[in-house]
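Have a look at the structure that comes next, please.
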Number of protein chains: 2
Amino acid sequence: MKLATEKSESPDGRLLVVSSDLSSTVAATGIAASLQEALDRWDAVSGPLASLYAALNTGDALGIRPLPWQQLTAPLPRAWQWLDGSAYPSHGELMQRAYDLPPIETSAPLMYQGMSHEFLGPYADVPFPSEEDGIDFECELGIITARVPLGTTARAARNCVRLLIQINDWSLRALAPAEMKTGFGWIQAKPACSLAPIALTPDEIGPLWRDNRICATVEVWRGAEAFGAVPATEMAFGFDELIAHAARTRALCPGTVIGSGTVSSRAHRETGSCCIAERRAIEKLDCGEPRTPFLRFGERVRCQARGQGFAQPLFGVMDQRVIDAHSR
Amino acid sequence: MKLATEKSESPDGRLLVVSSDLSSTVAATGIAASLQEALDRWDAVSGPLASLYAALNTGDALGIRPLPWQQLTAPLPRAWQWLDGSAYPSHGELMQRAYDLPPIETSAPLMYQGMSHEFLGPYADVPFPSEEDGIDFECELGIITARVPLGTTARAARNCVRLLIQINDWSLRALAPAEMKTGFGWIQAKPACSLAPIALTPDEIGPLWRDNRICATVEVWRGAEAFGAVPATEMAFGFDELIAHAARTRALCPGTVIGSGTVSSRAHRETGSCCIAERRAIEKLDCGEPRTPFLRFGERVRCQARGQGFAQPLFGVMDQRVIDAHSR
């Protein structure tokens, strides 16, 4: 099943069922008004949504129309909980070298709680207060959970993955190290993330959903420049383990968004990177200093995820412009 | 104005206006269904709520009934954003000594984003998975914000404080240091907080709302033992500054909850403490080792805030029992 959210009067938007080939859609009106509502009532609505999806794909549903890409918001325009992992060891290692941080000594998954009262849509301008803050993107993959009871094991957590998504976790690199050093995690360095327009049930990507990981290739362009095309296979923990980590002492609400952290590969010299900071780290190691500047106002960042055997980007495309928050 | 939330079919509960003497109430039905809705539409609803409050206090409102204390939930049973400060230097200094942490080098307020999809009510049992995790309370004061634009200054933030509240930020001390060392903040060490039942507009506490601080005394009992009676005056940053810190790179949604961090005093030998960890730190300094154990299942924790000239606890009372999550 493929789902999206269309702008509406409601801050949660209107839930759309999207055809398998991403060409057409039908509103889920009468089943669930919003994706959050669908997640809250999943056992009751997933059957009717699946039936509607089947009818849409055969052209038998009522109210079929072309998918209004430009009207799509984030699948969840807001969520009650956003927990971002950092599950790609290659990224962590490079960042530590770049920012001269001591290695993080833990065998547990890394995870912080981030801002979730707004997820930007895939084509929304991204406002920042200053170019001096080191504006960067972080292309990630993620999941949206079911209700997860406290103490859920990784094994049981496999059944708590409702939807797969793609995320751009915008980051402010000039602010991040100082916040990290406090031990309290990031507030200023991590404003709102963006979500790609299409959310998928895991069955939609077939063998690419493997070992509780999304084994796609994440592609990112900075303006016209191909910045990275990074296979997302090197995740040290699966999403099952990330869920279990988060649920060790708390129950997770339906619609909890969990991120993989920046996709990264040990073969980064061939694949490129999913964030500027990582490329700067590589430049520092290679040339003694970082050369690639962070983003300036007016620059565009485009990202998508490709999977072998799939003609279309799995989650649609995010294509956004970085702007001066004070100019709005 | 004094507000509370009563259990209802809705996860956000039903908004109540509470009389000045905390004896009686009238539902805000017809003005706003829930506190979150009132905060979302504050400019439209604050006048009608104030009129209803006035009529309730003179006995002229329709539908007046005794305040149903046991039916009260957290004023916000859930929120889109919870940002907890750590603004009492005395607490930070003692914790660093207790947990052998290096001093945190920052001139900015300390703040992390915590779990907000559930705030426990003032009499709810508090479930934890294991007594081995070092179960502790942290009695704090806090505010609930208006919508706060990105880049709001501390001066402008004064007008963004909608309501004052009291918080118990339950913490798991055996898990906290390892999470803090990652730099990512706390997930496992900080499950759901509890909120005291009554939320107040700042004018309700008159001179006790001073310099953007709640100058009350926070009292806490562990079972029958008076554990602390700590004046909340030593906050290094006012709530105006905490708001401005959070809003440096993000807009805050209406209903953002911001906490002071554990209330603490340099005179802690006279005042006692608002958490067990702090007393253990003092014991370690005095006797070479901590002596006070963390909480066991079945123990009760009661806390409230007192203000000079006020007969009643300002925010009502939280009185909760710690329980084994697996026994529910």
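Any chance the range A:67-80 includes a residue that's surrounded by fewer than 23 Cβ atoms within 10 Å (Cβ to Cβ), at the interface with another protein chain (Cβ under 10 Å from one of its Cβ atoms) and more than 27 Å from residue A:244 (Cβ to Cβ)?
Among the residues of the range A:67-80, not one is surrounded by fewer than 23 Cβ atoms within 10 Å (Cβ to Cβ), at the interface with another protein chain (Cβ under 10 Å from one of its Cβ atoms) and more than 27 Å from residue A:244 (Cβ to Cβ), which makes the answer no.
Identify the residue in the range A:183-202 that is more than 14 Å from chain B (Cβ to nearest Cβ) and more than 15 Å from residue A:21 (Cα to Cα) and, among all such residues, is most open to solvent (accessible area, probe 1.4 Å).
Across the range A:183-202, the extreme among qualifying residues is A:202.
Is it the case that residue A:16 is part of a helix (DSSP H, G or I) and out of contact with any His (no Cβ under 9 Å at 6 or more places or on another chain)?
no
Can you list the helices (runs of 4 or more DSSP H) found entirely within the range B:236-320 that contain at least 1 residues being small (Gly, Ala, Ser) and open to solvent by less than 60 Å² (accessible area, probe 1.4 Å)?
Of the helices (runs of 4 or more DSSP H) lying wholly inside the range B:236-320, those with at least 1 residues that are small (Gly, Ala, Ser) and open to solvent by less than 60 Å² (accessible area, probe 1.4 Å) span B:239-246, B:276-287.
Ok, one more. Are any of the residues in the range B:152-171 in a loop (DSSP other than H, G, I, E, B), of a type outside the set (Asp, Glu) and facing chain A (nearest Cβ under 7 Å)?
no
Among the numbered criteria (1) at pLDDT 95 or above; (2) open to solvent by 20 Å² or more (accessible area, probe 1.4 Å), which one does residue A:180 miss?
So the condition that residue A:180 fails would be (1).
Of all residues being acidic (Asp, Glu) and touching a residue at least 24 places away in the same chain (Cβ under 8 Å) in the range A:270-328, which is farthest from residue A:94 (Cα to Cα)? Just the residue, please.
Looking at residues that are acidic (Asp, Glu) and touching a residue at least 24 places away in the same chain (Cβ under 8 Å), I get A:324.
Looking at (1) open to solvent by 10 Å² or more (accessible area, probe 1.4 Å); (2) modelled with pLDDT of 95 or more; (3) away from every other protein chain (no Cβ under 14 Å), find the lone condition where residue B:93 falls short.
The failed condition is (2).
I need a count of the residues in the range B:105-128 that are assigned to a strand (DSSP E or B), among the hydrophobic types (A, V, I, L, M, F, W, C) and under 20 Å from residue B:326 (Cβ atoms).
Qualifying residue count, the range B:105-128: 3.
Next question. Could you list, ordered by first residue, the pairs with Cβ atoms under 8 Å in which the first is in the range A:90-119 and touching a residue at least 12 places away in the same chain (Cβ under 8 Å) and the second is assigned to a loop (DSSP other than H, G, I, E, B) and surrounded by fewer than 21 Cβ atoms within 10 Å (Cβ to Cβ), at least 6 apart or interchain?
Here the result reads A:90/A:234; A:90/A:266; A:92/A:104; A:95/A:101; A:98/A:290; A:109/A:236; A:110/A:104; A:118/B:251, each pair linking the range A:90-119 to a residue that is assigned to a loop (DSSP other than H, G, I, E, B) and surrounded by fewer than 21 Cβ atoms within 10 Å (Cβ to Cβ).
Would you mind finding the one in A:65, A:78 that is charged (D, E, K, R) and either free of Cβ contacts under 8 Å to residues at least 60 places away in the same chain or touching a helix residue (DSSP H, G or I) at 6+ places or on another chain (Cβ under 6 Å) (or both)?
A:65
Restricting to the range A:101-156, name every residue that is β-branched (Val, Ile, Thr) and under 20 Å from residue A:87 (Cα atoms).
A:104, A:106, A:143, A:144, A:145, A:152, A:153
Listed residues A:222, A:147, A:173; which is charged (D, E, K, R), in contact (Cβ under 8 Å) with a residue 40 or more places away in the chain and under 24 Å from residue A:41 (Cα atoms)?
After applying the criteria, what remains is A:147.
The values are calculated or read from the model by the stated rules, or taken from the named source; none is laboratory data. Fair warning: this is a prediction, and the values are worked out from it, not measured in the lab. Here Cβ is always computed from backbone atoms with ideal geometry, including for glycine, and neighbour counts include all displayed protein chains. Side chains included, ligands, DNA and RNA excluded: accessible areas come from the protein's heavy atoms. Shrake-Rupley method; radii C 1.70, N 1.55, O 1.52, S 1.80 Å.
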